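To start, the structure itself, in structure tokens.
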Amino acid sequence: MNESLKKQGMFSWNELMTKDVEAAKSFYGDLLGWKYEEQGMPDGKTYHIIKAGEQMIGGIMAQCEQTKAMPPAWGPYVTVDDVDAMVAKSESLGAKILLPPQDIPDTGRFAVIEDPQGAPLSLITYTDV
């Protein structure tokens, strides 16, 4: 990942949660020329890293049990210096916490908030791997 994207306030990752990963990969690969790299997840599922040329720009994953009733959707990630502190601050400013802070092995720590108008946003603090 480009180091400049790991700075406070930068949009740094985009993630698609979908019911049909292979169809999504095919569509976006044909449309935008994206390539994919598979990565195993701790739960045994596969995460599909999106690459535009050699640059990793996002990921595609299958919807889980908790999200299967939702339509497939893209979710942006914004880098923050301290995800736990930003979650607390966002809540004090009227945000709802959709997913409390948790670790992503070998990547960092993230959370999902919903702003006071109802728009979800993922916050992430990257570890230096």
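The values are calculated or read from the model by the stated rules, or taken from the named source; none is laboratory data. Treat the numbers as computed from the prediction; the structure is a model and nothing was measured. Cβ: placed from backbone, ideal geometry, glycine included. Neighbour counts: every protein chain shown.
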Q | Residue in region 44-88 that is surrounded by the fewest Cβ atoms within 10 Å (Cβ to Cβ), counting only those that are farther than 17 Å from Leu99 by Cα and among the acidic types (Asp, Glu) | A | Glu54
Q: Could you tell me whether any residue of region 81-91 is under 29 Å from Lys25 (Cβ atoms) and in contact with a helix residue (DSSP H, G or I) (Cβ under 9 Å, 6 or more places away or on another chain)?
A: no
Q | Residue selected from region 4-45 under the condition assigned to a strand (DSSP E or B) and more than 22 Å from Leu121 (Cβ to Cβ), by the criterion modelled with the lowest pLDDT | A | Gly40
Q: State the number of residues belonging to region 12-57 that are among the aromatic types (Phe, Trp, Tyr) and under 15 Å from Gly75 (Cα atoms).
A: 2
Q | Residue count for region 90-119, restricted to those that are out of contact with any Lys or Arg (no Cβ under 6 Å at 6 or more places or on another chain) and either surrounded by 14 or more Cβ atoms within 10 Å (Cβ to Cβ) or hydrophobic (A, V, I, L, M, F, W, C) (or both) | A | 15
Q: Considering (1) in contact with a helix residue (DSSP H, G or I) (Cβ under 7 Å, 6 or more places away or on another chain); (2) at positive phi, say which one Pro101 fails and leave the rest.
A: (2)
Q: Please find, among Gly29, Gly33, Gly44, Gly58, the residue that is touching a Leu at 6+ places or on another chain (Cβ under 8 Å) and free of Cβ contacts under 8 Å to residues at least 60 places away in the same chain.
A: Gly58
